[in-house]
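To start, the structure under review is shown below, and the notes come after it.
The values are calculated or read from the model by the stated rules, or taken from the named source; none is laboratory data. Just so you know, these numbers come straight off a predicted model, no measurement behind them. Virtual Cβ from ideal backbone geometry, glycine too; neighbours counted across all protein chains shown. Side chains included, ligands, DNA and RNA excluded: accessible areas come from the protein's heavy atoms. Shrake-Rupley method; radii C 1.70, N 1.55, O 1.52, S 1.80 Å.
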Amino acid sequence: MRLVIARCSVDYVGRLTAHLPMAPRLILIKADGSVSVHADDRAFKPLNWMNPPCKVLEETVDDGPDVWTVTHSKSGEKLVLTMEEIMHDSSHELGKDPGLQKDGVESHLQELLAEHITTLGDGYTLIRREYPTAIGPVDILCRDADNATVAVELKRRGDIDGVEQLTRYLELLNRDSTLAPVTGVFAAQEIKPQARVLAEDRGIRCVVLDYEELRGIEPDVLRLF
């Protein structure tokens, strides 16, 4: 990746035309051939850009600012950068990116909830995670304050399919006289309204989980106690 900080103006010539007046900006030229122009006032969206495939022609002008022309190889559209002053120009080999590794997947949620089972209510105790049944494992099996069995289905985003899955587990578990009666808890970071309606209609309690709180991270908000 090449990083250039320059005082420049930018003109886009194509199906539409756009002009950015002279100002300091960050220019990213990536290994995939894309070129993007950034300001210092937004998180990620560039002011203007050219997707690959494209070519960059850097022209040195003796009696004026250098001109960089980025031309899209297929459409012919152009991004013309008039470089009044280059303040930084460096290249860096980043290598192959391993990709995004999402934090808070269901298995981690299961582990955290099992560790903090009283999130579901005072007096709750864990029986086991991944409780085996003939149709698959129940995410968490636990007991409530009255020592009644509770089956918990965990999702990052709870929808109707998750409620249906928990319903099947409950039907099966309630055939076991050593566990019955078994109630259900549908727990997720986000529960869709339709899923909540279906769950409550079937006597299943819904619990929205705060992942950061489960991890013991204080929320970045001011609270009054």
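Structure notes:
- With all protein chains modelled, accessible area of Met1 [1.4 Å, Å²]: 70 Å²
- Low-density loop cleavage sites - chymotrypsin sites (Phe, Trp or Tyr not before Pro) in the stretch 1-89, where at most 15 other Cβ are within 10 Å (DSSP): Phe44
- Accessible area per residue in Å² at 1.4 Å probe, computed on the chain: 63 Å²
- When each of Lys45/Lys78; Lys96/Lys155; Lys45/Lys74 is checked by Cα-Cα distance, pairs over 29 Å: Lys96/Lys155
- Within straight-line cross-link reach of Lys30, aspartates and glutamates at Cα separation under 15 Å, skipping those fewer than 8 residues along the same chain: Asp89, Glu93, Asp97
- Cβ-derived FRET efficiency at R0 35 Å, Asp41 paired with Glu106, nearest 0.05: 0.40
- Kirkwood radius for the stretch 66-225, taken over all pairs of different Cα atoms as the inverse mean of 1/r, rounds to 19.4 Å.
- Volume per residue of the C-alpha convex hull in the stretch 8-97, rounded to whole Å³: 118 Å³
- Percent antiparallel among DSSP beta bridges (both partners in the chain, rounded to 5): 80 percent
- Of the trypsin sites (Lys or Arg not before Pro) found in the stretch 10-93, those that fall in a DSSP loop while having at most 10 other beta-carbon atoms within 10 Å are Arg15, Arg42, Lys74.
- A P(r) calculated from all alpha carbon pairs of the stretch 47-147, with 10 Å bins opening at zero, reads 11, 21, 16, 8, 10, 16, 13, 4, 0 percent.
- Which of Leu112, Val207, Thr71, positive extreme of dipole for the chain (C-beta unit charges): Val207
- Of all accessible heavy-atom area on the chain, the percent that carbon and sulfur account for (1.4 Å): 51 percent
- Over the chain, relative contact order from alpha-carbon pairs under 8 Å, at least 6 apart, %: 12 percent
- Placing dummy labels 7 Å off each Cα toward the beta-carbon, the span from Ser91 to His19 is 3.4 nm.
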